[in-house]
Amino acid sequence: MFKSHACKEFNYIFPLLEQNCGYSPDNIPQLEDVSKFMSDCTGFTLRPVAGLLSSRDFLAGLAFRVFHSTQYIRHSNCPLYTPEPDVCHELIGHVPLFCNPDFAQFSQTIGIASLGASEEDVKKLATCYWFTVEFGICKESNNRKAYGAGLLSSFGELEYCLSDKPEVREMDMQKMSITPYPITEYQPVYYLAGSFIEMRDELLHYTKNIDRPFEMRYNPYTKSVEVISQKNEITTILEEVRLSVELAQNAMRRLK
């Protein structure tokens, strides 16, 4: 079903996971191998956890390009459903998209937005995460495709989400953040994204309403999140932007 129902980014990465990480019907890949592959693609890594984390702790991990992954697998007596995310959900649903740079950047943006946010704002960001990273669908040519991990790891809901049964709404983070959702049944509502870049831009616009007296950014050199609250820090960022623009201009001249 992946070829017909999953987004093109998922279908591009999944064969590479089969080639490089031991994805196969008779093998459970090692998280360390998968983590190294993810890191090579986007800088994200897997960190094993024993169970569910709070929304604040989980989203905070994304800010540092860390995805907390469960290690247990659903019981063989109930292979079609698990009340909590298991390693099948993590490896099949989440990992392929976290190997895509645009999707990884969107996910990290949610994480950074959660740092220093109020409990109410964290709850709203977690709801946006639910309707995108977990249960998102997107436009692809004139068709709808699934990119949410909860869909890609459930063949039943993967088929259902692209049928005419659920309600499909256009991407709107403000409305999405306060939309209620069930956790033990198929989703009655899905939000449709145009692209991962569009999702990121919509999210950045939404996070302007989060009340905190500073801005934050991720430093890939130190692998840390920096607080931006002083004029000299803003000046440093502007200088980095100037150098990036100059580099792009030089590249354009060489292309000519």
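The values are calculated or read from the model by the stated rules, or taken from the named source; none is laboratory data. As the structure is a computational prediction, the values presented were derived from the model and not from experiment. Backbone-built Cβ (ideal geometry, glycine too); neighbour counts: all protein chains shown. Only protein heavy atoms, including side chains, enter the accessible area calculation; ligands, DNA and RNA are left aside. Shrake-Rupley method; radii C 1.70, N 1.55, O 1.52, S 1.80 Å.
Between Q19 and R56, what length comes free when the chain is fully extended (0.36 nm per residue of separation minus the Cα-Cα distance, one decimal in nm)? Before the final figure, lay out each step's value.
Values: separation 37, 0.36 × 37 = 13.32 nm, distance 3.46 nm.
Computed gain between Q19 and R56 is 9.9 nm.
Could you work out which residue, out of M216, M176, M38, moves most in a Gaussian network model of the chain, that is, has the largest mean-square fluctuation with Cα springs under 10 Å?
M216
Could you tell me which of S55, L151, A113 has its Cα farthest along the dipole of the range 39-151 towards the positive end, charges placed at Cβ (Lys, Arg +1; Asp, Glu -1), taken about the Cα centre?
My answer, from the dipole projection, is L151.
Report the percentage of all Cα-Cα pairs in the range 34-78 whose separation exceeds 13 Å, rounded to a whole percent.
Working: 592 of 990 pairs.
Here the tail beyond 13 Å accounts for 60 percent of pairs.
The range 171-232: which chymotrypsin sites (Phe, Trp or Tyr not before Pro) are DSSP loop and have at most 12 other beta-carbon atoms within 10 angstrom? The partial results should precede the final answer.
Numbers: sites: Y186, Y190, Y191, F196, Y206, F214, Y218, Y221; in loops: Y186, F214, Y221.
Those that pass, being in a loop and sparsely packed, are F214, Y221.
Quick one: grab the alpha carbon gyration tensor of the range 124-175, order the square roots of its eigenvalues as a ≥ b ≥ c, and give me rounded if a/c is under 1.5, else prolate or oblate depending on whether a/b is larger than b/c. Mind dumping the intermediate values first?
Numbers: a/c = 1.79, a/b = 1.29, b/c = 1.39.
In terms of gyration-tensor shape, oblate.
Report, for the chain, the % of DSSP beta bridges that are antiparallel, rounded to 5. Numbers along the way, then the final one.
On the way: 10 of 22 bridges.
Here the share of antiparallel DSSP bridges comes out near 45 percent.
Pop out the ³J(HN,Hα) list for the range 106-112 in order, Karplus 6.51 cos²θ - 1.76 cosθ + 1.60 with θ = phi - 60°, rounded to Hz; leave Gly and Pro as x.
Going residue by residue, I get 4, 5, 5, 4, 4, x, 5 Hz, with x marking Gly and Pro.
So for the chain, taking the charge dipole from beta-carbon charges (+1 Lys/Arg, -1 Asp/Glu), which of Y72, F135, P96 sits furthest toward the positive end?
The residue sitting farthest along the positive end of the dipole is P96.
Taking θ = phi - 60°, what integer Hz values does the Karplus form 6.51 cos²θ - 1.76 cosθ + 1.60 yield along the range 69-79, in sequence order, with x for Gly and Pro?
10, 6, 10, 7, 10, 4, 5, 5, 6, 9, x
What percent does the relative contact order of the range 194-256 come to when contacts are Cα pairs within less than 8 Å and at least six residues apart?
Working: 21 pairs, mean separation 10.3, N = 63.
Here the relative contact order equals 16 percent.
Viscosity 0.692 mPa s, temperature 37 °C: give me the Stokes-Einstein translational D for the chain in µm²/s, with Rh taken as the Kirkwood radius over C-alpha pairs.
The estimated diffusion coefficient comes to 169 µm²/s.
For V49 and E140, calculate 0.36 nm times their separation in residues minus their Cα-Cα distance, and state this gained length in nm to one decimal.
29.3 nm
At a Cα cut-off below 23 Å, give the lysines reachable from K139, other chains included and same-chain residues fewer than 8 away excluded.
K3, K8, K165, K175
Going Cα to Cα from K223, which lysines come in below 25 Å? Please leave out same-chain ones fewer than 8 positions away.
K36, K208, K231
Rounded to whole Å, give me the distance from the Cα center of the range 149-227 to that of the range 1-45.
21 Å
Sort F67, F37 from largest to smallest accessible area, using a 1.4 Å probe on the heavy atoms of the protein chains. Intermediate results must be reported in sequence, preceding the final value.
Values: F67 5, F37 30 Å².
These residues rank, largest area first, as F37, F67.
For a label point 7 angstrom out from the Cα of S118 toward its Cβ, which stretches of the range 192-224 have the backbone nitrogen within less than 17 Å?
Backbone N within reach: 206-214.
Highest GNM mean-square fluctuation, the chain, Cα pairs closer than 10 Å: which of I28, I210, I183?
The residue with the greatest mean-square fluctuation here is I183.
Given a 10 angstrom Cα cut-off, can you work out which residue in A193, A60, A50 is the most mobile in a GNM of the chain?
Looking only at A193, A60, A50, the biggest GNM fluctuation is shown by A50.
If amide hydrogens are placed 1.01 Å from N in the peptide plane, which non-local residues have theirs closer than 5 Å to the one on H68?
When sequence neighbours closer than 5 places are left aside, the close amide H contacts are R47.
If I take the Cα coordinates of the range 23-118 and project them onto the principal axes, what are the three extents in Å, biggest first?
42, 30, 18
Kindly write out, for the range 208-216 in residue order, the coupling ³J(HN,Hα) from the Karplus curve 6.51 cos²θ - 1.76 cosθ + 1.60 (θ = phi - 60°), rounded to whole Hz, with x marking Gly and Pro.
Result, rounded to whole Hz: 4, 7, 6, 8, 8, x, 7, 10, 9.
Add +1 for every Lys or Arg and -1 for every Asp or Glu among the other residues with Cβ under 14 Å from the Cβ of E32, and state the total.
Combined, the nearby Lys, Arg, Asp and Glu give -1.
With +1 on the Cβ of every Lys and Arg and -1 on the Cβ of every Asp and Glu, and nothing else charged, how large is the dipole of the chain about its Cα centre, in debye rounded to the nearest 20?
On the way: 25 positive and 33 negative charges, 132 e Å.
Once rounded to the nearest 20, the dipole reads 640 debye.
How many nm is it between the label spots at Q249 and V168, if each spot is 7 Å from the Cα in line with the beta carbon?
4.4 nm
In the chain, which Cys residues have no partner Cys with a Cβ closer than 4.7 Å?
C7, C21, C78, C88, C128, C138, C161
Please list, in chain and number order, the residues 5+ apart from L192 or on another chain whose amide H is under 5 Å from its amide H, with Hs placed from the backbone.
Under 5 Å from the amide H of L192 lie the amide H atoms of R169, E170, M171, each far enough along the sequence or on another chain.
Once amide H atoms are placed 1.01 Å from N in the peptide plane, what residues at a sequence separation of 5 or more from I73, or on another chain, have their amide H within under 5 Å of its amide H?
Long-range HN contacts for I73: V87.
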